[in-house]
1. Could you look through the stretch 1-15, keep only residues that are β-branched (Val, Ile, Thr) and without any contact (Cβ under 8 Å) to a residue 24 or more places away in the chain, and pick out the one that is farthest from THR51 (Cα to Cα)?
2. If we scan the stretch 146-158, do we find a residue that is under 16 Å from the mean Cα position of the chain (by Cα) and free of Cβ contacts under 8 Å to residues at least 60 places away in the same chain?
3. Determine which single condition THR63 fails, assuming it passes every other condition in (1) open to solvent by 70 Å² or more (accessible area, probe 1.4 Å); (2) touching a Pro at 6+ places or on another chain (Cβ under 8 Å); (3) more than 24 Å from ALA34 (Cβ to Cβ).
4. If you take the residues of the stretch 1-29 that are more than 21 Å from LYS135 (Cβ to Cβ) and β-branched (Val, Ile, Thr), which of them is surrounded by the fewest Cβ atoms within 10 Å (Cβ to Cβ)?
5. Kindly indicate the residue of the stretch 127-164 that is of a type in the set (Ser, Thr, Tyr) and surrounded by fewer than 19 Cβ atoms within 10 Å (Cβ to Cβ) and also modelled with the lowest pLDDT among those meeting that condition.
6. Taking the stretch 90-126 as the search range and keeping residues that are surrounded by fewer than 19 Cβ atoms within 10 Å (Cβ to Cβ) and aromatic (Phe, Trp, Tyr), which one is nearest to PRO14 (Cα to Cα)?
7. Please verify whether GLU145 is in a loop (DSSP other than H, G, I, E, B) and of a type in the set (Asp, Glu), treating the condition exactly as stated.
8. Does any residue of the stretch 73-81 turn out to be open to solvent by 30 Å² or more (accessible area, probe 1.4 Å) and either within 28 Å of HIS152 (Cβ to Cβ) or among the charged types (D, E, K, R) (or both)?
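The values are calculated or read from the model by the stated rules, or taken from the named source; none is laboratory data. Keep in mind that this is a model prediction, so the values were computed, not measured. FYI the Cβ positions are ideal-geometry reconstructions off the backbone, even for glycines, and counts take in every protein chain you see. Heavy atoms of the whole protein, side chains included, go into the accessibility calculation; ligands, DNA and RNA do not. Shrake-Rupley method; radii C 1.70, N 1.55, O 1.52, S 1.80 Å.
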Amino acid sequence: MAVTTEVLKRTSIPMLGCHHAFIAAFSLLSALKAAGLPVPHDAFEEVSQRTGAQAISGYCGLTGICGLIPSLGACLSFLVGARCGTKREQKMVMEFNLRLLEKIYLLPAPSCCKAYMWAGLEEAVFFFSKSFSLKGLLFSKPLCEFYKDHPHGCPGRNCPYFPT
């Protein structure tokens, strides 16, 4: 998942916004593929369409659902074939989304898309590793290099990704 931070460092991605949801989904799918999970080529396009339908900037404040939830949830949903009426698969995706939401909820305010993305990916690595017995899927906790750019003020040492 180190590629996620490299993408942020090498591009002019704004501090906040739903582009983080797309970066997270593509990073997760790439990491899953590298770890040996069969990820079909069309997964990227399908997850992108699903994410675009639900990850809309500012909705974290307006609805309480960060775009990372449907983004990472779409990855799992696509890979397990979840849809309305699939009991086990749909329940699995709902559990995953609940865990993602809790992980993001526990981060300190103000909202930070980068912290949300890293927390979501950290939970995704844990969930996928356990659910699919993936030994090669790893998450290295990044140290944020972007905290000075936060328009609402970084929570500093209260953030688990703040460099100490």
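1. THR11
2. no
3. (2)
4. The selected residue is THR11.
5. THR164
6. Per the stated criteria, the residue is TYR105.
7. Spelling it out, GLU145 is indeed in a loop (DSSP other than H, G, I, E, B) and of a type in the set (Asp, Glu).
8. No, the stretch 73-81 contains no residue that is open to solvent by 30 Å² or more (accessible area, probe 1.4 Å) and either within 28 Å of HIS152 (Cβ to Cβ) or among the charged types (D, E, K, R) (or both).
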